[in-house]
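Peer 1: Pasting a structure below so you can have a look.
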Amino acid sequence: MIGKIRDIWQRVKTLRNADPPEKSDDEALRREFKLRYMQFRRLLNANDKALKTISEMDAVLVGTKPFGMSFIRSRAALLFVNVFQIIQHLNTLADGRHQALFDAFTRLKQEISPLLEYAPGPDTGPAILELSEIDKTHVEAAGVKMASLGDITKKLNVEIPPGFVVTASAYHRFMRHNRLHEEINQRIQSHDGESLDQMYRLSSILQQLVMQAPVPEDVASEIQEAVKRLASVGPGPPALAVRSSGVNEDLPGASFAGQYRSLLNVNPEHIISAYKEVVAGKYNVTAMSYRFNRGLRDEDIVMCVGCLKMVDAVCGGVLYTRNPIDIRDDTVIINSVWGLPKLVVDGRSATDRIVVSRKPLAIVAKNIALKKVVYQCHAAEGICRETLDDAQAGTASLTDDQALNLARLAVAIEQYYGDPQDIEWAIDAGNKIVILQCRPLAMTPAEEKDEQSKDETTRESSADSLEEVTQDRAGEADSASLRILLRGGITASRGVGAGPVHILKKEVDNLSFAAGEVMVISQSLPGYAVLLDRAAAVIAEYGSISSHLANVAREYEVPVIFGVKGAMDALENGHTVTVDADGLKVYEGKAVHLLKKKVKNRHMMADTPVYNILKQVVPHVSPLNLLNPDSPGFSPENCRSLHDIIRYCHEKAVHEMFRFGRKHEFPERSSKQLVAEVPMQWWILNLDDGFAEEVDGPKVRLDNITSIPMLALWEGINRVPWGGPPPIDAKGFMSVMFEATRNTALLPDMRSRYNLRNYFMIARNYCSLTSRFGFHFATVESYVGDRVMENYVIFRFKGGAADDFRKMRRIQLITEILEDVSFRVTVTEDALSARFEDYPMDIMKNRLNILGYLIMHTRQLDMVMSNSNMVGHYRSKIRTDIERLFSPQRL
């Protein structure tokens, strides 16, 4: 044995006298480190912006806030810019090794972009259509309002004013001739849709753009020729009523009632100006706000314009074929005034109200108002408001026969269309009823409580159902009587779910997760997404609605609450709870009443054109398919969404930063030695803003360090002085010496810039530590800041001078300690890799404290790892120290 020791020592001496390795250009390497760190920072910044954008898109899809095409187009543009930048930054870090990401990005952009493009309608087809030629099949050409008028006069022989329509084709020719589509689209795109004063300014600008634009000569000529033909039709003045007739106007759920412009008693000589004024009315504030809140794109509204011969009305008004606030009331309700019906339409005057039953057709109620004013056609142009004498003001504007005739006609129109109708009408001097427009009547749904009351009455009448009714009534109070276990947090996915609690702490816990259980986790890690198809609900102590898990949960419609502090401790495995994600409450037991009311959430804009476009865009943006970085399928070719690209780039960027730090020797001459009262040398390379003040000399003091992760790590390193190596027996000593002869790089007396020196690369939020303590190597990389989803710590540990058995037992000990404090650990042979990420700054700093302690206090433990008692002793000591010194919050 003495001879073997003598041989080993001679070999050590020989190796000590060997020449040191050649040094690289330290300053150049320092510059490269700094450039890479800046690229990494830019990547993280773009990553954060992209995830926030995805979160915004997901939030409006499931929320209640209205949005327009400008929102979708602007968010898509932001995503394209930031995801492209992320790919560029990653390829800079990785020397172009991820070029395939550009192909995936281009493919996804090509899938999304056509959904966002503005495609103006065709400008072919006639500029003018006569009302007598059209019916409801001409909606796309003539607009809903004029197509309906043409239809009822053709099919029901209803009297309407003679006239014509300036078509959708003419509208597109006018807009394209002046490039108004592009100009208007650009201005709408820059508007946020929320500020009312900005909306007014935008409205004014857009209307002026339309009014100042010339109508193409061929279109203007056709309009003027149509006016001449109309002037020769029938008796009466040649004046015109110029009315809007949007292609998507007067549709169920989007009536646009009163939103657009109508001009009455227009002089034929001013028809072109009147036409532009009605088209410009598309951009009045009311109409724009209405479109925005109804999820209609600007391009969805093509403004056709009806030009009708003016009816010089004796009386007029509006009738409803049913009571709009009571779906069970089928009486016809007529509102009437003297003169033009504009007073009724605008709601500016008291009106006569006559109610007519259907079977039999009879007047069942009549209220004659005092109508003090009247609108009439002005002799020259336009309309005037005149005061009525008291006698006429108090007289009924409709006779009973006229009211019954109106009701009869209204019922016929409703029967033809099959839905309740809102009809504007007038009666001329010849006692002829003229229909001016008809649209679907917006009905208020019956009160839910009325329906429930009716249902319960029916059920109570049955003895068989008595027990069921009693149970339901008891259930209505159960959410109030049940104990609330937790409250607060944020709704990441809406809904209500109930089931047994299953607390997941380690990946192996996933295997026992059963269908219908409530997942309770510390943080919203992507790996838990594989369980969502089985989960009744999810509760997480940490997470945000932009996290990967939240995105997938919304796709599965699983109720999720994030930010529920203390959930892991407050809830017990196997206990049934109800998770009310909308109410941000967790109840003990099963809240039957809440679960009975569970319905699929319907967005206020559901099924609108804008909403449907976002629904088509989101599958290319939000789903996360790349969940496991260790899977062979974690590749650019398998990126099926922009979120996949973001996830891939973030993972690989962290890997590239770590790989570069390990690959290159530290630029010693460009660094500063830390002034520290410890028996080891510590060197600091400031990448960016890691120093409070610039340092000219060769040394830097700790109070000049601003790096958040380095200071946290340093606190753990120095919290408890290292007590020296553990007691070693002869077998342990010989194991060390034997391993040293096999791997000379482990020899502590080797001439190496890594011997007893430890190197930090730092910035304010970044730290990379390369350390050698005796015979083992440890590396730590961390980014810690205010943005939770950017925070991470990676710890790698390898080596040791003992044999494989002892080294593995030390690795197992460190693994157990790290898993106790929620690190995710993987072990390959004698190399350990641990990761902790996406937690707030205070928790990140706490885990760095613990890592610092472990780096110092696991030194040379491998030499005693063959002794089970020693293993137990050090396991207990380390755990006790960590609990006493750092009080880690259990996650």
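Peer 1: I'd like the full set of residues that are under 13 Å from Ser336 (Cα atoms) and charged (D, E, K, R), limited to the range 386-405.
Peer 2: Asp400
Per-residue answers, yes or no, for (1) in a helix (DSSP H, G or I); (2) open to solvent by 20 Å² or more (accessible area, probe 1.4 Å); (3) of a type outside the set (A, V, I, L, M):
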site	(1), (2), (3)
Thr53	yes, no, yes
Leu61	yes, yes, no
Ser74	yes, yes, yes
Leu78	yes, yes, no
Val81	yes, yes, no
Gln88	yes, yes, yes
Asn91	yes, no, yes
Arg97	no, yes, yes
Asp103	yes, yes, yes
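Peer 1: I need every pair where a residue in the range 606-621 that is more than 12 Å from Arg75 (Cβ to Cβ) has its Cβ under 7 Å from the Cβ of a residue that is surrounded by 18 or more Cβ atoms within 10 Å (Cβ to Cβ) and aromatic (Phe, Trp, Tyr), sequence separation at least 6 or different chains.
Peer 2: Pairs that qualify, where the first residue is more than 12 Å from Arg75 (Cβ to Cβ) and the partner is surrounded by 18 or more Cβ atoms within 10 Å (Cβ to Cβ) and aromatic (Phe, Trp, Tyr), are Val610/Phe67.
Peer 1: A further question on this structure: Pick out the one residue from Val700, Val654, Val618 that is β-branched (Val, Ile, Thr), outside any loop (DSSP other than H, G, I, E, B) and modelled with pLDDT under 75.
Peer 2: Details: Val700 fails: modelled with pLDDT under 75; Val618 fails: modelled with pLDDT under 75.
Just a single option satisfies the conditions, and that option is Val654.
Peer 1: I need every pair where a residue in the range 364-393 that is in a helix (DSSP H, G or I) has its Cβ under 9 Å from the Cβ of a residue that is open to solvent by 80 Å² or more (accessible area, probe 1.4 Å), sequence separation at least 6 or different chains.
Peer 2: From the range 364-393, the pairs are Asp390/Leu370; Asp390/Lys372; Ala393/Leu370; Ala393/Lys372; Ala393/Thr387.
Peer 1: Please state which one of Gly258, Gly295 is open to solvent by 10 Å² or more (accessible area, probe 1.4 Å), on the phi > 0 side of the Ramachandran plot and modelled with pLDDT under 90.
Peer 2: Gly258
Peer 1: Check whether at least one residue in the range 342-351 is in a strand (DSSP E or B) and either modelled with pLDDT of 85 or more or on the phi < 0 side of the Ramachandran plot (or both), and report yes or no.
Peer 2: No, there is no match, as no residue in the range 342-351 is in a strand (DSSP E or B) and either modelled with pLDDT of 85 or more or on the phi < 0 side of the Ramachandran plot (or both).
Peer 1: Out of everything in the range 624-642 that is among the aliphatic types (A, V, I, L, M) and in contact (Cβ under 8 Å) with a residue 24 or more places away in the chain, what residue ends up being surrounded by the fewest Cβ atoms within 10 Å (Cβ to Cβ)?
Peer 2: Residue satisfying both the conditions and the ranking: Leu627.
Peer 1: Also, I was wondering about something else. State which residue pairs qualify: first residue assigned by TED's automatic domain parsing to the domain that holds Lys359 and inside the range 410-421, second residue part of a helix (DSSP H, G or I) and charged (D, E, K, R) in any location, beta carbons under 7 Å apart, and separation of 6 or more residues or different chains.
Peer 2: Partner pairs satisfying both residue conditions: Tyr416/Lys155; Pro420/Glu414; Gln421/Glu414.
Peer 1: If you go through the range 115-174 one residue at a time, how many are charged (D, E, K, R), exposed (fewer than 15 other Cβ atoms within 10 Å of the Cβ) and assigned to a helix (DSSP H, G or I)?
Peer 2: The total comes to 2.
Peer 1: Within the range 379-399, take every residue that is in contact with an Asp or Glu (Cβ under 9 Å, 6 or more places away or on another chain) and of a type in the set (A, V, I, L, M, F, W, C) and give me the one that is least open to solvent (accessible area, probe 1.4 Å).
Peer 2: Leu398
Peer 1: Here's a check for you: in the range 690-721, which residue that is out of contact with any strand residue (DSSP E or B) (no Cβ under 9 Å at 6 or more places or on another chain) and over 16 Å from Asn758 (Cα atoms) is surrounded by the most Cβ atoms within 10 Å (Cβ to Cβ)?
Peer 2: Arg719
Peer 1: Considering only strands (runs of 3 or more DSSP E) fully contained in the range 484-596, which possess at least 3 residues that are open to solvent by less than 10 Å² (accessible area, probe 1.4 Å), more than 29 Å from Glu790 (Cα to Cα) and of a type outside the set (Lys, Arg)?
Peer 2: 496-504
Peer 1: What pairs come up if the first residue lies in the range 274-287 and is within 13 Å of Met211 (Cα to Cα) and in contact (Cβ under 8 Å) with a residue 12 or more places away in the chain, the second is hydroxyl-bearing (Ser, Thr, Tyr) and part of a helix (DSSP H, G or I), and their beta carbons are under 9 Å apart, counting only those six or more places apart or on different chains?
Peer 2: Val279/Tyr171; Tyr283/Ser203; Tyr283/Ser204; Asn284/Ser203
The values are calculated or read from the model by the stated rules, or taken from the named source; none is laboratory data. Everything numeric here is computed off the predicted structure, so don't read it as measured data. For neighbour counting, all protein chains shown are included, and Cβ atoms are generated from backbone atoms with ideal geometry for every residue, glycine included. Surface areas here come from the heavy atoms of the whole protein model, side chains and all, with no ligands, DNA or RNA. Shrake-Rupley method; radii C 1.70, N 1.55, O 1.52, S 1.80 Å.
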